[in-house]
1. Counting other C-beta atoms within 10 Å, which of Arg105, Arg176, Arg313 has the fewest, and how do the rest follow?
2. For segment 433-665, build the convex hull from the C-alpha positions and give me its volume per residue in Å³.
3. So what is Rg over Rh here for segment 225-275, counting just Cα atoms and using Kirkwood for Rh?
4. Using a simple charge model, +1 on the beta-carbon of Lys and Arg, -1 on the beta-carbon of Asp and Glu, nothing else, what dipole does segment 180-253 show about its Cα centre, in debye to the nearest 20?
5. Can you tell me the 0 to 90 degree angle between the C-alpha axis of helix 354-364 and the longest principal axis of the chain, rounded to 10?
6. If Lys and Arg each add +1 and Asp and Glu each add -1, what is the summed charge of the other residues whose beta carbon sits under 15 Å from the beta carbon of Pro130?
7. Let's test the formula: R0 of 56 Å, r as the Cβ-Cβ distance of Thr333 and Lys518. What FRET efficiency results, to the nearest 0.05?
8. Net charge near Ile288, counting Lys/Arg +1 and Asp/Glu -1 over other residues with Cβ under 10 Å of its Cβ?
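What follows draws every value from the coordinates through simple rules; no lab data is involved. Here the structure is a predicted model, which means the values were calculated and not measured. Counting neighbours? That spans all protein chains shown, and the Cβs are built from the backbone with ideal geometry, glycine included.
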Amino acid sequence: MINRYLVISSICLMFLPANAEDLTVLDAKSSTNAPSAMFENYLHAQAFAALDCRKEAYEKIKTPEQVQEYQAGLHKFFVDQLGGFPERTPLNGQVVGSLDGDGYRVEKIIYESESRHHVTALLYLPLGKPPFPGVLVPCGHSANGKGAETYQRASILLAKNGLAALCYDPISQGERAQILNAKEKAAFGCTTEHTMAGIGSILLGRNTARYRIWDGMRGIDYLQSRPDIDPKRIGCTGNSGGGTLTSYLMALDERIICAAPACYLTSWRRLLEKAGPQDGEQNIFGQIAFGMEHADYIIMRAPKPTLMCTATRDFFDIRGSWESFREAKRIFTRLGYADRINLVEADENHGFTNPLRVGAVRWMRRWLLGRDDEITESDFPIRKDEQIQCSPKGQVMLMPGERSVFAINVEFESQLAAKRRELWEKTPKADVLKKVREIVKVLDLDKLPQPNCRSVDTVQREGYRIEKLVIGPEPDIFLPALAFIPAKPDNSAYLYLHDKGKQTDAAIEGPIEQIVKKGHLVLAVDLRGFGETQHGGKKWYSGTFGPNTGHFQLAYLLGKSLISIWTEDILCCGRFLAGFKTDGATRKVHLVGIGDAGVPALHAAALEPQLFESLVLRRTRSSWADVVRTPAATNQISTIVHGALTTYDLPDLVKAVGPSKVTIEEPVATGIERIQ
């Protein structure tokens, strides 16, 4: 039988052009550090080193006073990184309906966490004499939010055991989709929309978690406003994304006496090794670099009662859960309250399964009712989404005057825009660029190391040659590059950066050759994460947000941006090119940035203007403010900087470089739908 794959391969070879060239620089097969894994390995190494430093600091906590100091530092850092919280506005809480159950009843609730920003919730109430303890139940990542079966079961079980439960829809779930399609339904999945909301939030120095946490805090305000709820007996339990929110809320809100986060708490090392960073609200800017571990969410609230609900086969790794439990347990023991922390492990997959629901409810009864007894969960009917609908049309965004998270961000950006204009008008350019450098976290050129460089091969073309180079701006980083060298190069050179890879414009008669034919040397470089070093987009979010999203989230946890890393790569390569094959002279370097490579190129030209003679930006976004105003901002996350819009926008950098030095070609519109 003829091997059909050999036949196909032979046919393909027949149609290859005679002058076909291989412009690949790196050997993925023989490399001990595969090009596609290089950037992630580099970021992992930095994260693990930071976690080791955090572990050393943790081991020095011995006394109650040291515990308090540690807690205060973490609390302040956490709130600062979220962007702070808004002022409390009237809740305007309404009971819009009710349902009867077997041994409990349900009230349909709507309240405003911020003005004209509504939260839909169900309050499950026991039958009996009030006031009852109140338990907040943040939902995990379910499309139907509070309607998901496991969250209904957990809430009903709480109510049937004497505890009121307020289960609410998070943004992007249930009745709170923030972006609706033409059919007035959620346009995106909840994790995708959380990350979309995070893009604009990050540019403003905020985080999606800010809105998620505030919804929960206002939920506690609502519970405490009711005469049938005991305001001093408040608990919180939630699973998965709701476990994340339970962890955040219990760390930040002192009113939560008893907490039971489920299927979230592990350790950062185990999470990065096994699953990687998750969606928008689950990554806090700089938290790994600062030393805020999963265990610290528990330690921040010590010695208040906390139960870790875990699953043996969870992707939130069980080994990390036990490591965090041990760290927290030691702190509780030093404070004299070892009995106030515990862990239940269900031999299950990820989810708010029966053993975890029962464990959480028993824990709440122990600390909120003073009863430590066995409970069981019998079968009971679960309501359909239509039965528990709170808003008039099933989505809060269809309510008159409703403000989405995206609209709230736009309002804040408008305030910042006025401050930015004043800053740039009244502050000397050098001083304001210093502020830019501090926000982006880019080192001065003279503090960056000299890159090493090695040549691996040469390709000859008519009138010029191509040298394949490997440029190393720092240990464990190797940037593949192509140097296009004319027979008689003049004194000008071009640093050519393309987000699709250095080979994209390198064909014969292509854009790079047109420059080389004029006698100019061209260095085309794959910045880390581009071209040969692209990860391949294996994470769930890569399709919507781009292949470097995983890299962005890792850098974000380290308090960095890809812009800062790429800008430093550009500066190292620009300085290298200025002295490349010059016999001691210095070349004039012109910079070309295409696509996502244009944003760091703009930063490099603005921060080190003496290094570059000119700048061409092609198919590059022109404004971060437009990103904030575009709810469905896809493929944007790699080129944003935390808090940038507090000080500058991209047009400010263009002005700083100078209109005469900048050419903008085919600027990219961020999106179609914009919030005015």
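1. Numbers: Arg105 15, Arg176 27, Arg313 11.
Neighbour counts put them in this order, fewest first: Arg313, Arg105, Arg176.
2. On the way: hull volume 30.1 nm³, N = 233.
That works out to 129 Å³ per residue.
3. Numbers: Rg = 13.7 Å, Rh = 12.1 Å.
On the Cα set of segment 225-275, Rg over Rh gives 1.13.
4. Values: 9 positive and 7 negative charges, 18 e Å.
The dipole of segment 180-253 has a size of about 80 debye.
5. Orientation of helix 354-364: about 60 degrees from the principal axis.
6. On the way: positive: Arg105, Lys129, Arg226, Lys232, Arg233; negative: Glu107, Asp228, Asp230.
Net local charge, Pro130 excluded: +2.
7. Details: r = 73 Å, r/R0 = 1.31.
After rounding, the FRET efficiency stands at 0.15.
8. Numbers: positive: Arg54, Arg269; negative: Glu293.
Result for the local shell: +1.
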